[in-house]
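Since every read-out is calculated from the coordinates, none of them should be taken as a lab result. Everything numeric in this text was worked out from a predicted model, so none of it was measured. Neighbour counts are summed over all protein chains in view; Cβ atoms, including those assigned to glycine, are modelled from backbone coordinates with ideal geometry.
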Amino acid sequence: MARPLQSDGGEEVVGSKGVIKKVEFVRIIAKALYSLGYRRSGAHLEEESGIPLHSSIINVFMRQVLEGDWDESVATLHNIGLTDEMIIKSASFLILEQKFFEFLNEEKVMDALKTLRTEISPLCINHGRVRELSLSIVSPSHCFTVRSPKQDTSRARSRTKLLEELQKLLPPTVMIPERRLEHLVEQALGLQRDACMFHNSLDEEISLFADHQCARDQIPSYALQVRFYFGNQIL
């Protein structure tokens with residue numbers, strides 16, 4: 001990796017152009033390592049670089065969601081420092097919806113009803129969804145049709161999917177989107193392919209090890225076969 005430089009704004013940067021912020025670069029690499037299953041490598045990168053993937057409050061928030069500490073996670077959400085009230089409400093809705101369904105799964109109908117009336121409805125968003133949740137209380141069989149794909153029958157998987165949904169909702173500076181590094185690499189390869197004047201190769205032949213550029217001699221330049229037409233016959 002290139003030696004870190006100092007940007008005009010005072011942040012360390014890497015790369016010859018001086019546009020890649022070191023902190024963001026390291027965080028994205030750590031995120032990719034965790035996503036690929038290299039958890040020890042990701043943790044080691046965080047420790048060695050001194051750059052955490054998430055802030056301490058986000059780590060607390062994620063743990064609370066995975067452990068089902070719904071009230072605490074909503075409270076922490078309000079302390080993250082988000083300025084967009086709609087994002088806060090939408091994220092709160094997702095969390096409380098999960099709380100609602102887990103109460104129903106445990107046959108705690110009154111607790112589910114209380115959550116709907118005193119916590120979900122006062123958010124004053126997703127009114128159609130609120131009506132659907134109400135129907136799932138009146139008609140338990142309706143509950144299965146109301147569930148979104150993230151509400152898995154397994155509690156652990158369901159909470160993990162909830163966290164993924166929250167990750168999509170929160171700003172990328174707070175929680176880095178999944179597969180961000182892959183997206184950036186694919187974007188770069190796509191731009192190289194589009195800029196290739198003589199492009200005549202399959203996508204799977206494009207390598208990360210060198211900039212993509214098809215040579216002129218890859219373009220057909222002479223005839224391999226000549227066909228003559230005489231009436232309805234081809235010779």
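Give me the extension gain from Glu164 to Leu113: residue separation times 0.36 nm, minus the current Cα-Cα distance, reported in nm with one decimal.
Once the chain is fully extended between Glu164 and Leu113, it gains 15.8 nm.
Going down the table (Lys31/Lys108; Lys89/Lys114; Lys22/Lys99; Lys31/Lys161; Lys22/Lys168), which pairs top 28 Å between alpha carbons?
Beyond 28 Å between Cα atoms: Lys31/Lys108; Lys22/Lys99.
Please rank Leu208, Leu123, Leu170, Leu45, fewest neighbouring Cβ atoms within 10 Å first, as an exposure proxy.
By the 10 Å Cβ count, ascending: Leu208, Leu123, Leu45, Leu170.
Below 22 Å, Cα to Cα, which lysines can Lys17 reach? Residues fewer than 8 away in the same chain don't count.
Result set, ordered by chain and number: empty.
Please arrange Cys124, Cys196 by counting, for each residue, the other beta carbons lying within 10 Å of its beta carbon, fewest first.
Final ranking by Cβ density, sparse to dense: Cys124, Cys196.
What FRET efficiency, computed as 1/(1 + (r/R0)^6) with R0 = 22 Å and r the Cβ-Cβ distance, is obtained for Ile58 and Asp84, rounded to the nearest 0.05?
0.85
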